[in-house]
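Asks: Take a look at this one; I'll ask things after.
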Amino acid sequence: MSQYFWIAIPAELFFQYCGQTMEKHGAHAYIETINRQSGTRKCFKYSQENESAFLKSIASADYHGFFLSTYPFSDQETITSSGIFYDSPVAEYTLAGSGGYETDRTREIIHLRQIMKQADKSAKAFFAALQRNLKKIPELRDTLRNGNKTHFYLPTAKRIIPQNAHSQLIEIPWEEHCLSKDLMYQQE
């Protein structure tokens, strides 16, 4: 069975906590953007040198999602083909993520999922360690209400909205759509 994890924290803090675990497990982070006019996909690999640009791309209108992967890409290999993280054998090593957008009014929940039900043991170990590490964040709570799933969050005065569904049918920004439809999580 695939594993899922939901957490509502600032993206900067999320990747800070991920960074420690990624280094230990040999994982890397990638952000995927899709140009709305041309449909062109691009992937950006996280590094300490491009950390601020990496985090800024989460607020971009072209932001689609991110991936955490233990797949041993070579240093010369660039991620150019569309959907590579969903193709075998890369998918067995990869976690897909969505969400993380934050404004002065809202914080979007981050959703992580193991792509393959039968993931590689390095990906399973990384995902388990990542969840343990994230659950150790001071003041983290697990009583965010929305259905019967456990969602974690850092308390905030902002409204917590679902992760972006990337729906092509929604023509207004995702934040505005969630606020207008009253699609919010309740903090307890």
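Asks: State, to one decimal in nm, how far the label point of residue 172 lies from the label point of residue 135, with both points 7 Å from Cα in the Cβ direction.
Replies: Placing both labels 7 Å beyond Cα along the Cβ direction yields 3.8 nm.
Asks: How much accessible area per residue does the chain have, in Å², with a 1.4 Å probe? Mind dumping the intermediate values first?
Replies: Working: 10510 Å² over 188 residues.
The answer is 56 Å² per residue.
Asks: Once neighbouring chains are kept in place and the probe is 1.4 Å, which whole percent of the accessible area of the stretch 45-135 is contributed by carbon and sulfur? List each step's numbers first, then the result.
Replies: Details: 2130 of 4450 Å².
In the stretch 45-135, the share of accessible area belonging to carbon and sulfur is 48 percent.
Asks: Name the lysines eligible as straight-distance cross-link partners of residue 149: C-alpha to C-alpha under 30 Å, and not fewer than 8 places from it in the same chain.
Replies: Within the straight-line limit of under 30 Å, residue 149 reaches these lysines: 24, 56, 117, 121, 124, 135, 136, 158, 181.
Asks: Could you calculate the contour length gain from residue 117 to residue 20, that is, 0.36 nm times the residue separation minus the distance between their Cα atoms, to one decimal place in nm?
Replies: On the way: separation 97, 0.36 × 97 = 34.92 nm, distance 2.51 nm.
The span from residue 117 to residue 20 would gain 32.4 nm if fully extended.
Asks: Select one label from (1) 16; (2) 60; (3) 37: the one whose number is percent of Cα pairs over 30 Å apart as derived from the coordinates shown.
Replies: Structure-derived value, by its label: (1).
Asks: Once the Cβ-Cβ distance between residue 156 and residue 42 is put in as r, and R0 is 30 Å, what FRET efficiency do you end up with, to the nearest 0.05? Show your work: numbers first, answer last.
Replies: Working: r = 31 Å, r/R0 = 1.02.
That pair, residue 156 with residue 42, gives E of 0.45.
The values are calculated or read from the model by the stated rules, or taken from the named source; none is laboratory data. Predicted, not measured: the structure shown is a model, and the values here were computed from it. Ideal geometry is used to build each Cβ from the backbone, glycine not excepted, and the neighbour counts take in all protein chains shown. For accessibility, only protein heavy atoms count, side chains too; no ligands or nucleic acids. Shrake-Rupley method; radii C 1.70, N 1.55, O 1.52, S 1.80 Å.
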